[in-house]
Every structure is written in C-alpha cells, then in structure tokens.
Amino acid sequence: MPDPRVIGLLVASLDQPGVLYRLSEVIFRHAANIEYIAGGARRDDVAELQIEVSGAVDEAGLVKDLEGVQGVQSVHVVPTFQRIYGKRVIVIGGGAQVGMVAQGAVSEADRHNIRGERISVDTIPLVGEEQLADAVRAVARLHRARVLVLAGALMGGDISNAVREIRQAGIIVVCTNMAGSVPDAADLVVTDPVEAGVMAVMLVADTARFSIEHVRGRRF
C-alpha cells in the first residue's frame with residue numbers, strides 16, 4: 001500500500017513553460033498524488049514551487065527523478081504548510097472589529113499552539129457588499145482554511161448568500177452581532193469580538209473540547 005504521508009518538496013527551476021508539466025509527469029510515474037502546489041520566490045529567471053504530494057513509496061527516488069527534470073535546478077524536502085502553519089482562521093470585516101477579533105484569536109491560538117497545535121490567523125479589513133462577498137467566497141478556496149469570522153456593524157445581501165455557499169463547502173462561519181441578514185446565515189453569532197476570535201479558534205482546535213454541533217444557531 002502506498003504511504004499516505006504528505007511530503008513537501010521545494011523545487012527551484014527555470015521560469016519557463018513546460019516545467020510544471022514535466023514535474024507532474026514524474027510524480028504520476030511514482031503513483032503519487034499532488035495535494036497542493038504554490039508558487040514561491042522568484043529571482044531573475046528562477047522560480048520556486050512548493051509541491052505537496054502523498055502516496056510516494058520511494059521518496060528518495062522521487063526526489064532524484066525530479067532533480068533530473070529538464071529545467072529543474074534543485075529539489076529539497078521541506079515541512080508541509082499544514083505542519084508549519086496548520087489550520088487557518090480567517091477574519092474579514094471592519095478594521096476596528098477585525099483587530100479585536102484577531103486579538104482574541106491570536107491569544108487563543110497561542111494557548112493551543114503551545115500544546116502542540118498549529119493554528120494561524122489571517123485578517124483583512126474590507127468594506128462594501130461586493131468586496132466582502134467576493135472575499136467570503138474566496139475563503140472556500142483558501143488552502144487549510146477552516147473557519148471564517150465576519151466582524152462588522154452591517155452585513156447582508158450577497159454577503160449572506162456567500163456565507164451559505166461556503167458553509168456548504170465545509171467552512172464554519174462565525175459573525176459578530178450586527179444588523180443585516182448575515183447573523184441569520186452564519187453558524188454562530190458572538191456579540192463580543194474578542195470572544196468571537198477565541199471561540200473561532202476553539203471550534204477548530206483538536207486540543208479544545210468544543211464543537212460547532214453544540215452551539216450551531218446560537219447567539220452569545
């Protein structure tokens with residue numbers, strides 16, 4: 001049986017067409033599966049890719065074959081983003097409230113990360129229905145995103161539609177108590193923004209005994 005362990009590979013190659021195709025071909029020949037791929041640093045005509053693969057039985061052989069690909073300059077085994085940064089808590093909304101939610105989330109994440117978790121917090125202050133709705137929908141496409149906190153005074157319309165869509169994609173949505181229809185669309189409503197950040201982290205932390213199933217639909 002192939003090893004399901006995911007390994008991270010940092011590939012430096014010439015920045016030219018066809019390199020990614022050739023890398024994928026080698027990974028396919030090793031019966032491995034690409035779990036994630038992202039562009040990294042660029043300098044002159046050299047670009048870096050982090051490729052995370054699972055199912056590679058012969059990791060050393062895979063690295064050697066990737067090093068032999070035309071255009072590739074080096075291949076190094078590196079920790080995966082899941083191992084380093086872990087689950088992601090995303091905070092979107094008005095600047096002042098985003099800052100307060102982030103304060104609670106970062107403090108709570110620190111408590112769990114000391115105990116062996118890996119939880120990171122990303123924030124962006126935004127205004128406007130269209131911009132917020134686009135940002136909410138993008139959360140479902142973010143690598144390792146697990147929970148979204150919407151912080152603001154008024155959100156509704158297409159933002160609520162976006163919230164329902166990403167909930168169906170498996171993202172937990174917490175919001176602060178606000179005017180508009182978003183509180184009715186979210187999984188959980190928390191009045192205090194600092195507490196909203198704390199609870200968002202607790203909902204995804206393996207080292208916390210707290211489940212969305214126990215509080216979904218409630219307001220605190």
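Computed from the coordinates by the stated procedures, all read-outs in this text should not be read as laboratory data. Source: prediction; values computed, not measured. Counting neighbours? That spans all protein chains shown, and the Cβs are built from the backbone with ideal geometry, glycine included.
Strictly greater than 16 Å: what percent of every Cα pair in region 6-81 meets that? Intermediate results must be reported in sequence, preceding the final value.
Details: 1164 of 2850 pairs.
Tail of P(r) above 16 Å: 41 percent of Cα pairs.
Per 0.36 nm of contour for each residue apart, how much would the distance between Ser107 and Tyr85 grow if the chain were fully extended, relative to their Cα-Cα spacing?
Numbers: separation 22, 0.36 × 22 = 7.92 nm, distance 1.55 nm.
That works out to 6.4 nm of additional length.
List the trypsin sites (Lys or Arg not before Pro) within region 1-73 that DSSP assigns to loop and that have no more than 12 neighbouring Cβ atoms inside 10 Å. Could the numbers behind the result be given before it?
On the way: sites: Arg5, Arg22, Arg29, Arg42, Arg43, Lys64; in loops: Arg5.
Filter output for region 1-73: Arg5.
Rounded to the nearest Å, what's the spacing between the alpha carbon centres of region 69-106 and region 152-216? Just the number, please.
Centre-to-centre (Cα) distance: 20 Å.
Among the helices of the chain (complete DSSP H runs), which have Cα atoms covering no less than 20 Å along the helix axis and a Kyte-Doolittle mean of at least -0.5? Mind showing how you got there, number by number?
Numbers: long enough: 95-113 (26 Å, -0.29).
Span-like helices in the chain: 95-113.
Can you tell me how much longer the chain between Ser211 and Glu130 gets when fully stretched, taken as 0.36 nm per residue apart minus their C-alpha distance, in nm with one decimal?
26.1 nm
Can you list the HN-Hα couplings for region 37-44, worked out from phi with the Karplus curve (6.51, -1.76, 1.60; θ = phi - 60°), rounded to whole Hz and with x for Gly and Pro?
Listing the rounded values in order: 9, 8, x, x, 5, 10, 8, 6 Hz.
Quick one: what are the phi-derived ³J(HN,Hα) couplings along region 179-188, Karplus 6.51/-1.76/1.60 with θ = phi - 60°, whole Hz, x for glycine and proline?
Result, rounded to whole Hz: 6, x, 8, 4, x, 6, 8, 6, 6, 8.
Provide, in order from the shortest bin, the percent of all Cα-Cα pairs of region 85-215 in each 5 Å bin, continuing until the bin that contains the maximum pair distance.
Binned Cα distances yield the sequence 2, 12, 25, 26, 21, 10, 3, 1, 0.
About the Cα centre of region 85-215, what is the dipole size in debye to 20, counting +1 per Lys and Arg Cβ and -1 per Asp and Glu Cβ, all else neutral? The partial results should precede the final answer.
Numbers: 12 positive and 15 negative charges, 103 e Å.
So the dipole magnitude of region 85-215 works out to roughly 500 debye.
Taking the Cα centre as origin and putting +1 on Lys and Arg beta-carbons and -1 on Asp and Glu beta-carbons, what dipole magnitude results for the chain, to the nearest 20 debye? If you can, show how the numbers build up before the last one.
Numbers: 22 positive and 27 negative charges, 108 e Å.
Computed about the Cα centre, the dipole is about 520 debye.
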